[in-house]
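Q: Below is a structure I'd like to ask you about.
The values are calculated or read from the model by the stated rules, or taken from the named source; none is laboratory data. The model shown is predicted, which means the values in this text are computed figures rather than measured ones. Cβ placement follows ideal geometry from the backbone for every residue including glycine, while neighbour counts extend to all protein chains displayed. Accessible surface is based on the protein model in full, side chains and every heavy atom, while ligands, DNA and RNA are left aside. Shrake-Rupley method; radii C 1.70, N 1.55, O 1.52, S 1.80 Å.
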Amino acid sequence: MGEKVILLDQFVSMFGMRARVALAAKGVVYEYREQDLRNKSQLLLQSNPIYKQIPVLIHNDKPVCESLTILEYIDEVWNQEYPLLPPNPYHRAQARFWADYIDKKLYGAGRKIWSASGEELEAGKKELVEILMQLESQLGEEAFFGGERLGFLDVALVTYSTWFHTYEMCAGFSIQEHCPKLIQWVKRCLEIDFVSESLADPAKIYDFVLVIRKVLVLHTP
Ligand code: GS8
């Protein structure tokens, strides 16, 4: 049966990039559809009526929402190629726990950095460093969170690294200084073609954020 795979996404999204990396890891051919989130398409609204957010993976006309759910879905459907979740149930639970931690903590801290100023920005910077240090200690001496090879948690986190440049520019600090081993891990991930080819250019993300910040300032009473 011919597969029809569509990804509703926005190029700067760390959530959408997870699906892009996973699809590339599995060698799945898909149609990428960039979404304008200020003017949401009918397809996006119909496909994700609950959250109305990207990413949405539409597989043979059936939508799957939420990036971590999408990752698991991709891993289960295309299970012959490059498994992402580890086989051991305990390791799977751990990978899911830390991916959830990333989404509960890292997104919010990062957002404070690029969208706030003064004390809130400083708080975001402190939080971000604490979270990244926590993740770095979780990595330990392993090459990847998945052990010898890139796995589910690596995919969940590596997409955030495309935002590190923006965080550093907005908050005037160096992540490398606080988390050198994590930065080494990012470099290892980027040596894998399907990872580097799926991630957005950090400089373009920063340009995008500069535009969004101007819009936010204009609309803040
Ligand atoms: C988050 C998706 C999200 O925030 C996931 O997929 O993991 N928990 C979800 N998507 C954003 C763009 S990325 O910052 C989005 O679609 N925002 C539009 C909106 O909320 O209206």
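Q: Rounded to the nearest 10 Å², what accessible area does I212 have for a 1.4 Å probe in the complete protein model?
A: 40
Q: Regarding segment 1-121, what is the average projected area of its C-alpha convex hull, in nm²?
A: Values: hull surface 35.7 nm².
Across all orientations, segment 1-121 yields a mean hull projection of 8.9 nm².
Q: Separate question: Scale the Cα Rg of the chain by the rule-of-thumb value 2.2 N^0.38 Å and send over the ratio, two decimals. Intermediate results must be reported in sequence, preceding the final value.
A: Numbers: Rg = 17.4 Å, N = 221, 2.2 N^0.38 = 17.1 Å.
Against the compact-globule rule of thumb, the ratio is 1.02.
Q: Just the number please: accessible area per residue for segment 89-218, 1.4 Å probe, all protein chains included, in Å². Present the calculation step by step, with values, prior to reporting the outcome.
A: Numbers: 6650 Å² over 130 residues.
For segment 89-218, the solvent-accessible area averages 51 Å² per residue.
Q: Further, regarding this structure: Along its principal axes, what span do the Cα atoms of segment 69-161 show, with the longest given first and each in whole Å?
A: Result, largest extent first: 49, 28, 19 Å.
Q: Rounded if a/c is under 1.5, else prolate if a/b beats b/c, else oblate: with a ≥ b ≥ c from the C-alpha gyration tensor eigenvalues square-rooted, which is segment 52-103? Write down the numbers at each step before the final one.
A: Numbers: a/c = 3.29, a/b = 1.31, b/c = 2.51.
Cα axes put segment 52-103 in the oblate bin.
Q: Quantify, in whole percent, the carbon and sulfur part of the accessible surface of the chain (1.4 Å probe; protein heavy atoms only). Could the numbers behind the result be given before it?
A: Details: 6250 of 11590 Å².
Of all accessible area on the chain, carbon and sulfur atoms account for 54 percent.
Q: From zero up to wherever the largest Cα-Cα distance of segment 127-168 sits, split into 5 Å bins and tell me the percent of pairs in each.
A: Taking all Cα pairs of segment 127-168, the binned fractions are 5, 20, 28, 27, 14, 5 percent.
Q: Using +1 at the C-beta of Lys and Arg and -1 at the C-beta of Asp and Glu, which of A24, N39, C170 has the Cα lying farthest in the positive direction of the dipole of the chain?
A: Of A24, N39, C170, it is N39.
Q: Here's a follow-up. So which aspartates and glutamates pass the test for K26, namely a Cα distance under 16 Å, with those fewer than 8 places away in the same chain ruled out?
A: E3, E72, D75, E76, E81, D154, D193, E197
Q: Sticking with this one: Mind checking segment 144-198 for GluC sites (Glu not before Pro) that DSSP puts in a loop (not H, G, I, E or B) and that have at most 14 other Cβ atoms within 10 Å? Can you show the working numbers first?
A: Working: sites: E148, E168, E177, E191, E197; in loops: E148, E191, E197.
Here the sparse-neighbourhood loop sites are E148, E191, E197.
Q: Describe numerically, in nm with one decimal, the distance between label points set 7 Å from Cα along Cα→Cβ at L210 and at D61.
A: 4.6
Q: Any of K4/K187; K126/K181; K4/K112; K4/K105 with alpha carbons more than 30 Å apart? Name them for me. Don't skip to the answer; put the middle values down first.
A: On the way: K4/K187 33 Å; K126/K181 18 Å; K4/K112 38 Å; K4/K105 34 Å.
Pairs exceeding the cut-off: K4/K187; K4/K112; K4/K105.
Q: Going Cα to Cα from K52, which aspartates and glutamates come in below 19 Å? Please leave out same-chain ones fewer than 8 positions away.
A: By straight Cα distance, K52 reaches D9, E34, D36, D61, E66, D103.
Q: Per-residue ellipticity at 222 nm for the chain, helices alone: DSSP H runs ≥ 4 residues times -39500 (n - 2.57), over residue total, nearest 500 deg cm²/dmol?
A: -17000 deg cm²/dmol
Q: Would you kindly state how much longer the chain becomes between V217 and A123 on full extension, computed as 0.36 nm times their sequence separation minus their alpha carbon distance, in nm to one decimal? Each step should come with its number before you reach the end.
A: Details: separation 94, 0.36 × 94 = 33.84 nm, distance 2.00 nm.
Result for the pair: 31.8 nm of gain on full extension.
Q: Which helices pass in the chain if a helix is a full DSSP H run, must span at least 24 angstrom along its long axis by Cα, and must have mean Kyte-Doolittle hydropathy not below 1.0? Spell out each step's value before the answer.
A: Values: long enough: 118-139 (32 Å, -0.27); 202-219 (25 Å, 1.11).
Taking the DSSP H segments of the chain (at least 24 Å long, mean hydropathy at least 1.0), we get 202-219.
Q: Now for a different question. Can you list which of the trypsin sites (Lys or Arg not before Pro) found in segment 85-154 are DSSP loop residues with at most 16 other C-beta atoms within 10 Å? Please list the in-between numbers first.
A: Numbers: sites: R92, R96, K104, K105, R111, K112, K125, K126, R149; in loops: R149.
In loop regions of segment 85-154 (DSSP not H, G, I, E or B), the sparsely surrounded trypsin sites (Lys or Arg not before Pro) are R149.
Q: Same structure again: With the cut-off at 1.5 for a/c, could you classify segment 1-40 from its C-alpha gyration tensor as rounded, prolate or oblate?
A: Numbers: a/c = 3.87, a/b = 1.52, b/c = 2.55.
Oblate, because a/c is 1.5 or more while a/b does not exceed b/c.
Q: Can you pull out the GluC sites (Glu not before Pro) in segment 2-94 whose DSSP state is coil and whose Cβ has at most 12 other Cβ atoms within 10 Å?
A: When the GluC sites (Glu not before Pro) of segment 2-94 are filtered for loop state and at most 12 Cβ neighbours within 10 Å, E3, E81 remain.
Q: A further question on this structure: For segment 18-66 and segment 137-190, write down the distance between their C-alpha centroids in whole Å.
A: One Cα centre to the other: 25 Å.
Q: In a solvent-free Debye calculation with one equal scatterer on each Cα, what is log10 I(q)/I(0) for segment 89-218 at q = 0.12, 0.16, 0.19, 0.22 Å⁻¹, listed in the order of the q values?
A: The computed values of log10 I(q)/I(0) come out as -0.46, -0.81, -1.11, -1.41.
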